[in-house]
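Notes to accompany the following structure.
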Amino acid sequence: MRHRLSIRWVLTLTVVGISLTAMIIVSSVYSATATTMFNQLGLSNMLQAMAQVSDKLSDHIGQVTSALNNVAKDIEETENFNASQFLQGVRISAGTGDSIAALLFVDEYGKPILGLPSGEIKEGGGLTGMDWFQQAREAEVGQMVFSRPHVQNLYQGQYPWVVSVTKKVRYVQSGEPCIGIVMVDMLLTPLHDICRSVTLGSAGYPFILNKDDEIIFHPDQKLLSLELISEESILVENTAQDGRSMALSQDIAGTDWKLTGRVTADDIVQNSVAFKSRVTGIVLSLAITVLAVAVWLSMQIVRPLTDIEKSMQRVERNLDDNRISLPEEGFAEYAALSHSYNVMLHKIRLLMRETVERQEQLRRMEIGALQEQINPHFLYNTLDSIVRVMETGRTQEAIEMVQALAKLFRLSINNGDYFLTVEQEMDYARNYLTIQQVRYRKNFRYELKMDENIRDMPCPKIILQPLIENAIKHGMSSMPGCTLKVGARQDGYNIVFTVEDDGLGIPPKALEELQGMLKDDSNTMVKKSRYGIGLRNTNRRIRLLYGREYGLTIESEAEERTCVTITLPKRPR
């Protein structure tokens, strides 16, 4: 059948499509404008944060340089410089804050004149070889010089990370003009705290460069000193215009340093992304609302047709469902259509009942015919055996056979019922084996075993006899001393009968033919098999009663054993 579109979906998709198109166009234009605005706002916030950090750094460095200038000015203005007298004044001028690690005044040859904190400078300190000393000596008098970060080791047991700020001064000592260098060690810790006081997005961070783009301070300063990372990699990372990150720069007043911040594009557009998410949420909410309205409207319009569709689906599943009939109400066209539909269903139900009854009659007739195919065959063989036993003069054995035969017929008649209990079927098998043992002069043994909890469960009658007959005839008749085992047990929700012998077994080719006969269930396969019609009829009876998932299975090993299994559902009477 050609696939056709549903009216409901055409109507729903049309309404939703028009509404969504309008919403998407409006939201796209609005979102593009707002995104640009939010991106500019995000960049402005980053620059403002950088400016705040720059101001804090400028104030902090200004305090340090102010202390340095005060000391330098006092030294230069002293008429006759004396270190011991000047030391107390230096303490007052330099202050005692946490920003300064040390203050040192040396002559132009690197000889210490005075220093804070008080204490002996380490011998062999080699001041003249230090970078800050070389830079200060090469500078002009009065010029302030900032060194690169380094570990200061002037005093025993003190190794702080500092930036040395130096200034060359002229002073008079013992009436002679001299040149000296004032050095203040500015701790990096306050710089670190100031830089860490602001965040540039989720992954951004500020650091300090000098006029030559050399790193003065970086959050990973220790990694730089250990050469685990390089300045080149940091500068390349923060100046790369790859669309994912960018560098922002801000001068630090009072120094030749500049504050540089690395920010990612994701941090800048963070606000615009959040805005887009909110817009998307609003659009989705409106879309859901429009969809709900469209679905409700379409349901109101096509509800009569939907009722007919559901009724047809119920017909496919169960014709006897009382909900199949449609109410003959509503619009005139729908009422007329419902009436015609209900009349059609009524006629179909009548025809289906007639068909089911006819099939049930045919099934019962076939089961009866299959059962009758067994009884005459067995009766003929049994009577023939009794005659042979009587001819040999074994009168007592002939009497036992006649009594067992009478019990068999009493069970087989069973008031015309198709079923026996498991216990009765096992009694039937016991009487049949009694007859066969006499016939074959007791050259085989048999065992019967039954689970007590299934003894009253129903089963089709005379299903074990054809299996036992085949086992004796084809498996044990020519092998004295064999044992036949007949069992009945419960396996989950099933009843399982087994007929097993340790006789000749079935050759592989013949076993394959037998298994094919049970699967094919056709007369053609039966005619090709030498094992008779009994197995086929028993298997077909079970399948007619319970379905194709039940029936017989055969296992055999040539010259070893044969086992036939019957599987039935466990059902109470």
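For VAL422, the conditions (1) under 60 Å from the mean Cα position of the chain (by Cα); (2) crowded, with 20+ Cβ neighbours inside 10 Å; (3) closer than 23 Å to MET479 by Cβ are fulfilled apart from (3). Just one of (1) surrounded by fewer than 19 Cβ atoms within 10 Å (Cβ to Cβ); (2) without any contact (Cβ under 8 Å) to a residue 60 or more places away in the chain fails for GLN490. It is (2). Give the residue that is farthest from the chain's Cα centre (by Cα), with candidates limited to residues of region 514-562 that are within 12 Å of ASN470 (Cβ to Cβ) and at pLDDT 90 or above. Looking at residues that are within 12 Å of ASN470 (Cβ to Cβ) and at pLDDT 90 or above, I get THR562.
Considering region 134-157, and only residues there that are more than 19 Å from LEU191 (Cα to Cα) and modelled with pLDDT under 80, the residue that is surrounded by the most Cβ atoms within 10 Å (Cβ to Cβ) turns out to be LEU154. The residue that is surrounded by the most Cβ atoms within 10 Å (Cβ to Cβ), counting only those in region 259-296 that are in a helix (DSSP H, G or I), at pLDDT below 70 and of a type in the set (A, V, I, L, M, F, W, C), is ILE268.
Any residue in region 163-183 that is of a type in the set (Asp, Glu) sitting within a Cβ distance under 9 Å of a residue that is exposed (fewer than 13 other Cβ atoms within 10 Å of the Cβ)? List the pairs, counting only those 6 or more apart or interchain. Short answer, once both residue conditions are applied: none. Residues that are of a type outside the set (Gly, Ala, Ser) and modelled with pLDDT under 90 were ranked within region 493-513; the one that is surrounded by the most Cβ atoms within 10 Å (Cβ to Cβ) is ILE506. Of all residues in region 471-489, count the ones that are more than 14 Å from GLU559 (Cα to Cα) and of a type in the set (A, V, I, L, M, F, W, C). Number of matching residues: 4. Would you check if ILE413 is in the same structural domain as GLU397 (by TED's automatic domain parsing), in contact (Cβ under 8 Å) with a residue 24 or more places away in the chain and β-branched (Val, Ile, Thr)? Answer is no for this residue. Only one of the numbered conditions (1) touching a Ser or Thr at 6+ places or on another chain (Cβ under 8 Å); (2) at pLDDT 75 or above; (3) surrounded by 16 or more Cβ atoms within 10 Å (Cβ to Cβ) is violated by GLY180, and that is (1).
Just to verify a result, which residue in region 427-442, among those that are in contact with a strand residue (DSSP E or B) (Cβ under 8 Å, 6 or more places away or on another chain) and surrounded by fewer than 21 Cβ atoms within 10 Å (Cβ to Cβ), is farthest from GLU397 (Cα to Cα)? Here the answer is ARG430. Just one of the listed residues (ALA34, ALA101) is under 59 Å from the mean Cα position of the chain (by Cα), modelled with pLDDT under 75 and small (Gly, Ala, Ser), and it is ALA34.
The values are calculated or read from the model by the stated rules, or taken from the named source; none is laboratory data. This is a predicted model, so every value here is computed, not measured. Using ideal geometry, Cβ is built from the backbone for each residue, glycine included, and neighbour counts are taken over all protein chains shown.
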